[in-house]
Amino acid sequence: MLDIEIDGKAVQVPEGSTVMDAATLAGIYIPHFCYHKKLSIVASCRMCLVHVEKAPKPLPACATPVTHGMKVWTRSEAALEAQKGVMEFLLINHPLDCPVCDQGGECLLQDLAVGYGSSQARYQEEKRIFVNKNYGSLISSEASRCINCTRCVRFTAEIGGEMEMGQAFRGDHAEIMTFLGCAVDSELSGNVIDLCPVGALTSKPFRYSARTWELSRRRSVSPHDSLGTNLIVQTKNDEVKRVLPLSNEQLNECWLADRDRFSYEALTSAQRLISPMMRNGDNWHPESWQIALAFVSSALRAVVSEQGGQALGALASPHSTVEELYLLQKLARGLGSENVDFRLRCHDFRGDAVRAGVPWLGMTVVDVHDLNSILVIGSFLRKDAPLLAQKVRHSAMRHDLQVCTVGPNAEDWWMPMATRALVPPSEMVDALAAIAAALATMTGKSLSGTLSARVPAEISNDARAIAQSLADGERTAVWLGNLAEQHPRAAELHLWAQEIARLSGASFGFVGEAANSVGGYFAKAIPGEGGLDARAMIESPRHAYLLFGAEPDLDFADGVATVEAMDRARLVVAISAFDSPALRQVADVLLPLAPFTETPGTFVNCIGDVQSFEASTHPRGEARPGWKILRVLGNLLELPGFNQDDFEAVRDEALAGDGSPDIHTRLDNTIGDVPAAVPSAVRANTLQRVADVPVYFADPLVRRALSLQKTADAVQPVARMPLATMASLSVQPAGRVRIKGTGGTVELQAEADENLAPGCIRIAAAHTSTVALGPLHGELSVERL
Amino acid sequence: MLSQESLQQIDREIAKYPPGKKQSALISALRIAQQEKGWLPKEAIEFVAGYIGIPPIAAWEVATFYGMYDLAHVGRHKITVCTNLPCALSGGVHAAEYLKKKLGIDFNETTPDGKFTLKEGECMGACGDAPVLLHNNHHMCSFMTTEKIDEMLADLEKQ
Amino acid sequence: MSEHRLILAGLDGDHTWQLQNYIARGGYEAFRKIIKEKTPPDAIIAEIKASGLRGRGGAGFPTGLKWSFMPRSFPGDKYLACNSDEGEPGTFKDRDILRYNPHTVIEGMLIGAYAMGCSRGYNYIHGEVFEIYQRFEEALDEARAAGLLGQNILGSDFSFELFAHHGYGAYICGEETALLESIEGKKGQPRFKPPFPASYGLYGKPTTVNNTETFASVPFIMKMGGAAFLKLGKPNNGGTKLFSVSGHVCRPGNYELKLGTPFPELLEMAGGMRAGRKLKAVIPGGSSAPVVPADIMMDCTLDFDSIAKAGSMLGSGAVIVMDETTCMVRALERLALFYHEESCGQCTPCREGTGWMYRVIHRIESGAGRPEDLDLLRSVAGNISGRTICALGDAAAGPVQSFVKHFADEFEYHIENKKCLVPPAVQDTGSQIYVSQSC
């Protein structure tokens, strides 16, 4: 430890600390612009110049290492003179447009100018003007306000993983820009808005809509991916105006994925359901809650009494809260149905019978920092879980974490990659078996149980390299991604991942698709004894469905089959925040659901954190919190146990489980033996479908966030194939193809994708233009148009 | 985008640096691209970035930072005159004025026939040879009296 | 009263740059001796220290001391860089060294690499001198072909790869950390120090950067011995130094002198003042050095300490001579424009301040000056100097401060009378195209 005295205050700091670190520790604020604790240090703004004993000139606190016995003054005459000098330089070319600047009231330059600026300008020449840039639909540019701190540039290179912004030209012509005025495409791009200390980069959707002091703030939790990103939801006049990160070092740090930041735009979508709606033949009309609920309860009673409880199926979105999922399953079970599920995009449920506990990430998020090697199986990690990917990227860039993948896709994750085993979906199980076999050889251990008989004859070099990386690493992990969970042989992938983890001493677990992918298990939103899982409820259609927070065409493993099954059902009750043609097609009644900002609730994230939040605004129109809708319905149906006073009571009941105080003890990825499925041979002249669920198509809320829909990640789906495959079909890039799946036929534009396993075709799911293909996996015939 | 010869030259530059440090060849690669194209169009910058394996904005930063890249069309002969103080004391400014008059253009302009572009340059490290000027970035002309300027222009006119 | 040539000795004929001619002049003898006798690296560094050699690029830092900062037992590559990014107005000596005697630089780098255990080196050559870059490449090819560069040089276990790296028009790359950034293929924006290049240099590895002339001096030191080299100059100012004389003298050019030579002798060697006009002021160490009025300058000897005492610096040894026809406001305006154009844009005081200073000086020169402008200039220069990442801020502020200090009356006259103290016609005679008859 080093002793240092700052402004007369003695503090001790670890070796390698800077004066800025020491000041932070001592609770002393040193003004700064370019310094940011999560970015590299450039010491370029010079605002943090301080007076150091024996130094002939003032030194930047952010970059000056502490030496033992150092004495520093941050507000001495010399320090203040230096700081004021820098402030004057920063202001000479800064426009005086604070009254119309969105940053006004939360501008670091404005705040510091009050303390360090002069009331009289000595600079009399014309101020510099830069042309504003177009950074896409999310970030607004006011280039003349820029003070060249380069935080945004460093963010894109160091955190985003790809240098998308730069400081071009030199001297006082230097300006921040992208190449050729491209949009910033990173799924983390919005963070540059938070990082910008002035109003040069502001939020385009938020622009001119409110002043910071007019906004009320509520803590919340992101409803999108499994990380459970902490949010500050800002509202004005009971409307969400902006979403910002709430710093949580264990999870999202100070970052936010664009999906978490901008999805709020959907809250005011014209497609919001703001009143219960009932069908009358082909016509729909708004109805009062009283009448709608009376209809629902009597219709449910009728189905159950005539066809039995098992005639009912309850299917809920994994983005629903614990309270909603819990009361939904309670309602179904109260009506005598064990048919409950929230894993709507999954296909293989063989694991349910041999599962030891609740599947989760298998490690904490902060521990990613210390990993030496990680194997990610079947994942579009960068887009599926942007901030979890960022943790992996950080370790890969800064700590030499070796990142390996197995799967049909190898798109750029904007991080250094060690080995990417590119195999079609049909060969993924064998690919994992080969890695396990290679590990067994390397470690001298033997494969468990019957697995040794299931090892392929040939072990690829990729498999060996991945095994070696895991064997060499001291701290290693194996993660199963969304594609692995949705795979037709998901249970076997799980089994082999477990085996690889056992042989290499790695932790293993699931990335998790949604905000409550872990919470759904705790809420018991899974089939019980004799109950049907999500796939079975569609394959063996029910007479009645309770559809909660999900869209039948877009949120299921097979949109065509789901719509068909529900279309034929006698009763479909849809509880949804949004209206949609598919919902109107299948449902008999639509009950308006309050989305996450309008209801209190709880998500359990991928590491088992139980995170509750309050409503940020009142529900829009007649929408109501899901837990209340279900509670009233339970009461109308005269079911026991629907008398909770508040959401906390529902949560506590849901999470009480077997009475163990800590739900973490119920997290367990262990799986028992699953026999090998005999895969049917891949039919000739077909391609295997690889379906990604694009980041901005993934759930009903984000689908309707208009600005996100204008980004590169939300472009119309295309049919991606390796060039060789395209050539064999005589398809030119940008040519059109007709694709036939079990559900039907679609026509798409073809695009070359060399990051795809041979014999595969990648077509995005969760989009109306591709729904007709049916399942997310399987074989497709493709022909040139 | 670039000729085989240019690519070979770039490869020679890349070979000067340790493995994994291809970016070090960027400044030369952009120079080689500019020599071939006569100036440095954005497509060439993007191509060079791709060839070297760096984000295009990193190449753009460099192309806009170093003063000898021409980010816009220039005439067949770009003449850069040093007017910095040491040269000015031996007639650098007068030499520039003479060129302006002879060519009928100001700094940063190109003659209507597209032959000549005139630029004001910064120190070329040849103050002892004042007045000095640079022809197409790579050939330095020393002791440029009006007679020698006349000679040079006549020569270039013929090319 | 004459030059004392080491580096420039024997360079009068044709093809002096070629390897065979360098060898005929005794070239590579020092290096061969080191390889043959397996001279311990420490002994070489001690010799350089004893020579009193100070960096010839401008800062004048003791070379031997700099070399001793390199970590001895560093696992992996260590780098050596030669700074031939000569673009400081007034300086043109490295161009001549590389043009006529490139092998002495190569030999100096070989000796430095041997002494510091560097495996790779780069010579960073100023963008505007492409022909010099080509010549150096040719010299490197000769050295490689002769087994003087590459693996197991002269059959020893010493290996050193040396390459030329070409800049493309950025004065700032002469700053050593900007130079390293530029070799890495980035913008030449200086790094904050510490860490210094000796611990975190090129590609993050220990690196030493020396000026061309510094390296060129090394073979001579090793041949004559450090003590003899030191004795050529003055204590703490060892050896000979190249002086680039430009401006209003009869014979501008490079002159190699013993350090400590009186300035009037250099002036005389350069043929004296043009047309017998009167000396007004001298910038003794390149444009970044504070200007020195004639009377003070005539009393100086040419060495680091004497010039420092006169309130300026020896810098790169670029002596810009100005006679009585010179308008000091106009001279400063041109220099201020240079620093404004060459500021890298990274740190605030230099990015914003150099332009501000230029605009104020420009308005004084164009007759729109205001009474408060001189105080403003002093204040802005003061707010830049000592507050920037690299020395360019000081380099831009220094001329402004010294011009305004020594020639305040001229600036005040400009502001009050909206015209120059030196009549335009007089200025014009002094700025005519002038080429020395010997050329």
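The values are calculated or read from the model by the stated rules, or taken from the named source; none is laboratory data. Fair warning: this is a prediction, and the values are worked out from it, not measured in the lab. In this analysis, Cβ positions are derived from the backbone assuming ideal geometry, glycine residues included, and neighbour counts consider all displayed protein chains. When the accessible area is computed, the model is the full protein with side chains, heavy atoms only, and any ligands, DNA or RNA have been set aside. Shrake-Rupley method; radii C 1.70, N 1.55, O 1.52, S 1.80 Å.
Between the C-alpha center of region A:618-688 and that of region A:138-203 there is a gap of 42 Å.
Taking all Cα pairs closer than 8 Å and separated by 6 or more residues, the relative contact order of region A:130-282 comes to 18 percent.
The lysines within cross-link reach of C:LYS187, meaning a Cα-to-Cα straight distance under 16 Å and a gap of 8 or more places when in the same chain, are B:LYS21, B:LYS22.
For the modelled label position 7 Å from the Cα of C:LYS36 along Cα-to-Cβ, which residues of region C:151-167 have backbone nitrogen atoms closer than 18 Å? So the set is C:153-158. Provide the net charge surrounding A:PHE155, with neighbours chosen by a C-beta distance below 15 Å and charges set as Lys +1, Arg +1, Asp -1, Glu -1. It works out to a net charge of -1. Using 0.36 nm per residue and subtracting the Cα-Cα separation, the extra length available between C:SER159 and C:GLU131 on full extension is 7.3 nm. Solvent-free Debye calculation, one equal scatterer per alpha-carbon of region A:507-611: log10 I(q)/I(0) at 0.18, 0.20, 0.21, 0.24 Å⁻¹ equals -1.01, -1.16, -1.22, -1.34. Per residue of C:117-127, other chain Cβ atoms within 10 Å of the residue Cβ number 2 on average.
The slack in the chain from A:SER446 to A:LYS9, taken as 0.36 nm per residue of separation less the alpha-carbon distance, amounts to 151.2 nm. The C-alpha atoms of chain A define a longest principal axis, and helix A:559-568 lies at about 50 degrees to it. Global dimensions of region B:1-83 from alpha-carbon coordinates: Rg and Dmax equal 12.8, 41 Å.
Mean residue ellipticity, 222 nm, helices only, chain A: the sum of -39500 (n - 2.57) across DSSP H runs of n ≥ 4, divided by residue count and rounded to 500, is -7500 deg cm²/dmol. Beyond 25 Å between alpha-carbons counts as too far, so tell me which of A:LYS54/A:LYS84; C:LYS241/C:LYS405; B:LYS102/C:LYS419 fall in that bin. Flagged as over cut-off: C:LYS241/C:LYS405; B:LYS102/C:LYS419. Here region C:314-378 has 50 percent of its accessible surface on carbon and sulfur atoms, given a 1.4 Å probe and all protein chains in place. Of all aspartates and glutamates in the structure, the ones whose alpha carbon falls short of 14 Å from that of B:LYS16, not counting any fewer than 8 places away in one chain, are C:GLU137, C:ASP141, C:GLU161, C:GLU184. Computed on the Cα atoms alone, the convex hull of region A:299-413 gives a volume of 151 cubic angstrom per residue. Computed on chain C, with alpha-carbon pairs under 8 angstrom and 6+ residues apart, the relative contact order is 16 percent. So if we plug the beta-carbon distance of B:LYS42 and A:ALA536 into 1/(1 + (r/R0)^6) with R0 = 45 Å, what FRET efficiency do we get, rounded to 0.05? That gives a FRET efficiency of 0.20. Among residues other than C:LYS278 with Cβ under 14 Å from its Cβ, the summed charge is 0 (Lys and Arg +1, Asp and Glu -1). For region A:300-346, the Kirkwood estimate of the hydrodynamic radius, built from every pair of different alpha carbons, is 10.9 Å. The listed residues A:SER40, B:SER28 rank as A:SER40, B:SER28 when sorted by accessible area, largest first, using a 1.4 Å probe.
For region C:367-439, just say rounded, prolate or oblate: build the C-alpha gyration tensor, square-root its eigenvalues into a ≥ b ≥ c, call rounded for a/c under 1.5, and beyond that prolate if a/b exceeds b/c, oblate if not. The shape class here is oblate. Counts of other chain beta carbons within 10 angstrom of each beta carbon in peptide B:106-112 average 0.
With springs connecting C-alpha atoms under 10 Å apart, model chain C as a Gaussian network and identify which of C:ASN237, C:ASN383, C:ASN101 has the largest mean-square fluctuation. In this elastic network of chain C, the residue with the biggest mean-square fluctuation among C:ASN237, C:ASN383, C:ASN101 is C:ASN383. Please label the shape of region A:651-715 as rounded, prolate or oblate, based on the square roots a ≥ b ≥ c of the eigenvalues of the alpha-carbon gyration tensor (a/c under 1.5 means rounded; beyond that, a/b larger than b/c means prolate, else oblate). Judged from the Cα gyration tensor, region A:651-715 comes out oblate (a/c at least 1.5, b/c at or above a/b).
Over the protein assembly as shown, with a single point scatterer placed on each C-alpha, what log10 of the ratio I(q)/I(0) does the Debye formula yield at q = 0.06, 0.08, 0.09 1/Å? The Cα Debye sum returns log10 ratios of -0.66, -1.02, -1.19.
Looking at region A:135-176, the pairs of alpha carbons with a distance over 11 Å make up 67% of the total. Placing +1 on each Lys and Arg Cβ and -1 on each Asp and Glu Cβ, with no other charges, gives chain C a dipole about its Cα centre of roughly 760 debye.
The mean number of partner chain beta-carbon atoms within 10 angstrom of a residue's beta-carbon across peptide C:371-384 is 2.
Label region C:66-219 by shape, choosing from rounded, prolate and oblate, from the square roots a ≥ b ≥ c of the eigenvalues of the Cα gyration tensor; if a/c is under 1.5 it is rounded, and otherwise prolate applies when a/b is larger than b/c, oblate when it is not. In terms of gyration-tensor shape, oblate. Packing order of peptides A:565-573, A:335-343, highest average first: A:335-343, A:565-573 (average count of other Cβ atoms within 10 Å over each peptide's residues). One quarter of the surface of the convex hull around the alpha-carbon atoms of region A:652-785 equals 12.5 nm², the direction-averaged projected area.
Taking every alpha-carbon pair under 8 Å whose residues sit at least 6 apart, region C:171-284 reaches a relative contact order of 12 percent. Applying Stokes-Einstein at 20 °C and 1.002 mPa s to the Kirkwood radius of chain A, computed over alpha-carbon pairs, gives a translational diffusion coefficient of 76 µm² s⁻¹. Net length available on complete extension from A:ARG738 to A:ALA684 is 17.7 nm, with 0.36 nm assigned per residue and the Cα-Cα distance removed. Once the Cα atoms are used to define both axes, helix A:77-92 deviates from the longest principal axis of chain A by about 60 degrees. Take the Cβ atoms of C:LYS405 and A:MET417, set R0 to 51 Å, and the FRET efficiency comes out at 0.30. Ordered by solvent-accessible area of protein heavy atoms (1.4 Å probe), largest first, the residues C:MET224, A:MET165, B:MET140 come out as C:MET224, B:MET140, A:MET165.
According to the Cα-based calculation, Rg over Rh for chain B is 1.03, with Rh computed by the Kirkwood formula. For region C:171-241 versus region A:1-72, the spacing of their alpha-carbon centroids is 30 Å. What whole-number distance in Å separates the alpha-carbon centres of region A:445-514 and region A:727-785? Region A:445-514 and region A:727-785 have Cα centres spaced 29 Å from each other. The residues neighbouring A:HIS543, those whose beta-carbon lies less than 14 Å from its own, together hold a net charge of +1 under the Lys/Arg +1, Asp/Glu -1 convention. To test your reading of the geometry: what angle, between 0 and 90 degrees and rounded to tens, separates the Cα axis of helix A:322-334 from the longest principal axis of chain A? The helix A:322-334 is inclined about 10 degrees to chain A.
Cβ-Cβ distance of A:LEU639 and A:GLU53, R₀ of 56 Å, FRET efficiency by 1/(1 + (r/R0)^6): the value works out to about 0.15. The protection proxy used here, the mean number of other Cβ atoms lying within 10 Å of each residue, ranks peptides A:177-184, A:726-733 as follows, highest first: A:177-184, A:726-733. Shown are A:LYS330, A:LYS204, whose ranking by accessible area with a 1.4 Å probe and every protein chain present, most to least, is A:LYS204, A:LYS330.
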